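Novice: Have a look at this one before I ask anything.
No value in this document is a laboratory result; all are computed from the given coordinates. Because the structure is a prediction, the values reported are computed rather than measured. Here the Cβ is made from the backbone with ideal geometry for all residues, glycine too, and neighbour counts use every protein chain on show.
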Amino acid sequence: MSLLILLYSRTGNNRVLADLIAEKTRADIAEIHPVGWYPMLRVIWQMATGRRPRVRTLQHDPDAYDRVLLIAPIWDMHVAFPMTEALRTNKAGIGSYDFVTFCGYTRDGQPDAARQELTGAIGHPPLHQMELHIGDLVPEDQREDPRKVSAKRVTQSDLVHFAAQIAQIAGWYDPA
Ligand SMILES: Cc1cc2nc3c(=O)[nH]c(=O)nc-3n(C[C@H](O)[C@H](O)[C@H](O)COP(=O)(O)O)c2cc1C
């Protein structure tokens, strides 16, 4: 089965995860890039106004793959905006897909909200969906503080804590 990972990562956490999953599944990665500079201030402005970034043309055509795995952060209960914009632009080429996010923490309703957004952007829901939480990597007394959690930058060696989830994700693409 050919697999394309469609990745958006602003500060690197989801990129670290995507690289490891790509290695395990022999997937190609197509990274989504907003057009121009995309600082956090711009993200916050877009959260407040509902505006969305334009994104560059993808380097790989999703239509050429059997399956697509979307990997992106969650921002204020939304799938990161460059991801949903790339999906709207490429929706005709996306058939069976899954969604994984390396986000901050558990929030009530967050997985359902992401599922609805993805279904709205593509026209059909993901086959599988999973959240990994960077909050699991910060000291327990900081886990309730979204700023401290969001400041965490994941390294390759942190991923050992998520070995079971990563094996489960790789299993989605294992024909056996
Ligand atoms: C402005 C902002 C809002 C966020 N909102 C959420 C949220 O609603 N839920 C959540 O689980 N994580 C939230 N996070 C945490 C990010 O999803 C997390 O830091 C993610 O790992 C960043 O991914 P990246 O390094 O690949 O860009 C937020 C982070 C920022 C900066």
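Novice: Could you tell me which residue of the stretch 81-131 is farthest from Gln165 (Cα to Cα), considering only residues that are assigned to a loop (DSSP other than H, G, I, E, B) and of a type in the set (Val, Ile, Thr)?
Specialist: Checked the stretch 81-131; the qualifying residue farthest from Gln165 (Cα to Cα) is Ile94.
Novice: Which residue is nearest to Arg54 (Cα to Cα), if the candidates are limited to the stretch 81-97 and must be among the aliphatic types (A, V, I, L, M) and crowded, with 21+ Cβ neighbours inside 10 Å?
Specialist: Going through the qualifying residues, I end up with Ala86.
Novice: Here's something else I'd like to know. If a residue must be closer than 18 Å to Leu87 by Cα and assigned to a loop (DSSP other than H, G, I, E, B), how many such residues does the stretch 20-62 contain?
Specialist: Here the count works out to 14.
Novice: Could I ask something else about it? Does Thr106 satisfy the condition of being within 27 Å of Asp158 (Cβ to Cβ), within 16 Å of the ligand (Cβ to nearest atom), of a type in the set (S, T, N, Q) and in contact (Cβ under 8 Å) with a residue 60 or more places away in the chain?
Specialist: So Thr106 does not fit the description; no.
Novice: Still on this structure, I have one more. Just to check your reading of the model, which residue among Val138, Val100 is crowded, with 19+ Cβ neighbours inside 10 Å, within 20 Å of Arg10 (Cα to Cα) and touching an Asp or Glu at 6+ places or on another chain (Cβ under 9 Å)?
Specialist: Just a single option satisfies the conditions, and that option is Val100.
Novice: Further, regarding this structure: Could you check, for the stretch 119-128, whether at least one of its residues is within 14 Å of the ligand (Cβ to nearest atom) and farther than 22 Å from Thr25 by Cβ?
Specialist: Checking the stretch 119-128: not a single residue is within 14 Å of the ligand (Cβ to nearest atom) and farther than 22 Å from Thr25 by Cβ.
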